[in-house]
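Okay, structure first, notes after.
Read the figures in this text as sums done on the coordinates, not as results from a lab. Small disclaimer: the values here were computed from a predicted structure and weren't measured. Cβ atoms come from the backbone with ideal geometry, glycine included; neighbour counts cover every protein chain shown.
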Amino acid sequence: MPPLSTTNSTFPDQFVWGAATAAPQIEGAAFAGGKGESIWDRYCRIPGRILKGDTLDVACDHYNRFREDFALMRSLGIRNYRLSIAWPRIFPKGDGPVNQAGVDFYHRLFDALAENGITPWVTMFHWDLPQALEDRGGWTDRVTVDAFATYADTIVKEYGGKVKNWITLNEIRCFTILAYGPRVNAAPGRTVSPQQLNETYHNALLCHGHGVRAVRAHGGKGARVGLTDNCDTPIPVTETEKDIAAANAWFVERNLHILDPIYRGSYSPDYLARVGKDAPTVKPGDFELISAPTDFLGLNIYTGFFVRACPGAKYEDLGTHDSYPRADSKWLKITPQAIYWGLRLAHENYGPKEIYVTENGCGYDDEPVVNDEVLDLHRRDFLRGYLRELLRAIQDGVPVKGYFVWSLLDNYEWADGYTRRFGIVHVDFETQARTPKLSSRYFAEVIKLNRIV
Ligand code: NOJ
């Protein structure tokens, strides 16, 4: 048999391979160690909001099992770990007194990562707003911005010696429009006016700015910072000039309210025309804060929307038939090209110095452990397909420097509770037993060889 070709499947040297999680989805100990209530702790108790009424109370019990989890990561050769800090563990009420037990917990956690040779990539905020801040207005009010500024300063000062890679916020869209918009599906689940909804984005952008400011002020030598966005991603239905131009127009229109202020320091005339009288309140100094230079852009890319050129319009948005291949998460159409186009269009429109795919993965419901194995061939194929398109983006000049699979562990998938599994490691939520799935072995091999296998 001739040798298998590897020429087009090798990643650049120093490519960062990692796995991602978030505190509320894995830690559990929701009311232990002095932690305050988060909006998700409250929201998950509203009848009918979460599949099967699942709560975050125990989750993967990572709070008590992080050492075991890090040893498992090490055994898989995963040397980079994206995690989040739970704001209500540090400030139970959002601001005011610091909870020393929470501060100490993350010190132990970062020490355990170091012992296992794993580099932390820390998200400051992954949706678990302290409920006390929501009671004072939440994301609609600048009280949250002021509290976040103090929180960011506190954690960067505290952990700056152990953490060099910081991510300010995760997916602004999800904790604003899905949480305060007309069709809520996330905590706090409070529909506000269109004007207030626009304030939620603006306040989130201000928090991003404070996160960057905190890292520059207190992060120490070598500290780096960026946002993780989940830009909406179009796929030109054919890779022809006209469909690509249509996809680009779609990308700009859908993403300008978040990426323009950060990369261009203003809201574009198109955005201001779109929101009209409902524009957010901009105070002097806001855009200087929001647009402070970052070191990288994090992108979470899972799925895309097909778009083509259309006479007389900027683009035509093509729907997808019900039988289009999907994961069990219905929103997740299996579209590997999305990762190529998402990365490429972000690069071409905004030119971030570096891009990291801070999440990519797929959720399925029924992944039984049989004889100590989980044969998730569907996830292995998913990853392989997306990695090929990621590599194509690099080969076409996009400065992608790393990839984090979502997720290390099956975990609390928000409104889908524990039913939907995204992990490369299976978690039995009754016994907390961990079983590495076939996809984790696959990913370990990719990391070891630094190429698609
Ligand atoms: C993005 C979010 O950041 C993460 O929390 C979520 O679980 C995954 N997408 C999968 O839906």
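Farthest toward the dipole's positive end in the chain, which of T320, Y364, A247, given Cβ charges of +1 (Lys, Arg) and -1 (Asp, Glu) about the Cα centre?
A247
At 30 angstrom or more along the helix axis (alpha-carbon based) and mean Kyte-Doolittle of -1.0 or higher, what helices does the chain contain? Whole DSSP H runs only.
On the way: long enough: 194-218 (36 Å, -0.64).
Span-like helices, by this rule, are 194-218.
Any idea what the dipole of segment 323-453 comes to, in debye rounded to 20, about its Cα centre with Lys/Arg Cβ at +1 and Asp/Glu Cβ at -1? Numbers along the way, then the final one.
Values: 18 positive and 19 negative charges, 130 e Å.
Rounded to the nearest 20 debye, it is 620 debye.
Can you compute the charge dipole magnitude of segment 16-449 about its Cα centre, using +1 on each Lys and Arg Cβ and -1 on each Asp and Glu Cβ, nothing else charged? Give it in debye, rounded to the nearest 20. Write out the running numbers ahead of the final one.
On the way: 50 positive and 55 negative charges, 151 e Å.
So the dipole magnitude of segment 16-449 works out to roughly 720 debye.
Roughly speaking, what is the centre-to-centre gap between segment 5-82 and segment 365-407 when only Cα atoms are used, to the nearest Å?
17
Between exposed chymotrypsin sites (Phe, Trp or Tyr not before Pro) in the chain, where DSSP calls loop and at most 15 other Cβ atoms lie within 10 Å, what's the longest gap? Display every interim value, and only then the final one.
On the way: sites that count: F31, W331.
By the stated rule (loop sites, at most 15 other Cβ atoms within 10 Å), 32-330.
Please identify every one of the GluC sites (Glu not before Pro) in segment 229-329 that sits in a loop by DSSP and has no more than 14 other beta carbons within 10 Å of its own beta carbon. Each step should come with its number before you reach the end.
Working: sites: E239, E241, E253, E288, E316; in loops: E239.
Sites meeting the loop and neighbour criteria: E239.
Just in segment 319-381: which trypsin sites (Lys or Arg not before Pro) are loop by DSSP and have at most 10 other Cβ atoms within 10 Å?
Numbers: sites: R326, K330, K333, R344, K353, R379, R380; in loops: K330, K353.
Taking segment 319-381 and a limit of 10 other Cβ atoms within 10 Å, the loop trypsin sites (Lys or Arg not before Pro) found are K330.
With the Cα gyration tensor of segment 16-449 giving a ≥ b ≥ c as the square roots of its eigenvalues, does the rule (a/c under 1.5 for rounded; else a/b larger than b/c for prolate; else oblate) give rounded, prolate or oblate? Show your work: numbers first, answer last.
Numbers: a/c = 1.39, a/b = 1.07, b/c = 1.30.
Rounded shape, in that the Cα axes give a/c under 1.5.
Can you give me the Cα centroid spacing of segment 97-165 and segment 415-453 in angstrom?
26
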